[in-house]
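The values are calculated or read from the model by the stated rules, or taken from the named source; none is laboratory data. A quick note: this is a predicted structure, and the numbers were derived from the prediction, not measured. In this analysis, Cβ positions are derived from the backbone assuming ideal geometry, glycine residues included, and neighbour counts consider all displayed protein chains.
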Amino acid sequence: MVRWSDELETRWRQLSEDVLVGMKEWRLAHPKATLREIEAAMDERLAKVRARMLEDVALASRAADLAAVDERVRCPQCGQEMEARGQEVRTLTTTGDQTITLRRSYAVCPSCGEGLFPSGGKSRIVGRHIRE
Ligand SMILES: [Zn+2]
C-alpha cells in the first residue's frame, strides 16, 4: 500500500524540473555534443531521479509497515502476540550507481521464536533487487 502526499508530489515535480533545467544548461554548455554524450548526460540525471523516487515509494511502504506492527501481529505458529524486534536496514545500489536505503520492521514471537516482517511475510531483499 503506497500513501501519496502533497509533499511527495512537490518533491517529484522539483526532481523533474531539475532534470529539465539541468539538461537545458548542459546542452547550452555543450553545443557540439554527440548523441552518445547527450545520452550519458541524460542517463546520469535520470538515474538520480529514479533512485530518489524508488526510495520515496519504499518509504511510503514503510509507513504501511509501521502501521502493520501497531496492529499487533499474532504468531502464525502458536497464536501468541508478537513483539517488535527492531528494523532491518538495507542499502542497495540501483541503476546508474545510485544508492537507496530501505528499512522495515521485524517481529519475533516470545513463545516459539517465529520471526517475520509484518508488512511482507518472510520476503527478503535479495541482492540488487527487491522481491516482495
Ligand atoms: Zn509463536
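Within the range 16-61, the only residue that satisfies the criterion of being outside any helix (DSSP H, G or I) and among the charged types (D, E, K, R) is K32.
Does V73 satisfy the condition of being surrounded by 13 or more Cβ atoms within 10 Å (Cβ to Cβ), within 11 Å of the ligand (Cβ to nearest atom), on the phi < 0 side of the Ramachandran plot and at pLDDT below 85? Yes, satisfied.
It is to be established whether one or more residues within the range 121-131 are at pLDDT below 95, of a type outside the set (S, T, N, Q) and within 16 Å of the ligand (Cβ to nearest atom). Yes, the range 121-131 contains at least one residue that is at pLDDT below 95, of a type outside the set (S, T, N, Q) and within 16 Å of the ligand (Cβ to nearest atom).
Pairs only if they're at least six apart or on different chains, beta carbon under 6 angstrom, first in the range 99-118 and closer than 10 Å to E88 by Cα, second of a type in the set (S, T, N, Q) and surrounded by fewer than 19 Cβ atoms within 10 Å (Cβ to Cβ); list them, first residue then second. Cβ pairs passing all conditions: R103/Q87; S105/Q87.
When we screen A51, A47 for residues that are modelled with pLDDT of 90 or more and in contact with a Gly (Cβ under 6 Å, 6 or more places away or on another chain), the only hit is A47.
Of all residues in the range 87-98, none satisfies being in contact with a helix residue (DSSP H, G or I) (Cβ under 7 Å, 6 or more places away or on another chain) and either modelled with pLDDT under 85 or within 16 Å of the ligand (Cβ to nearest atom) (or both).
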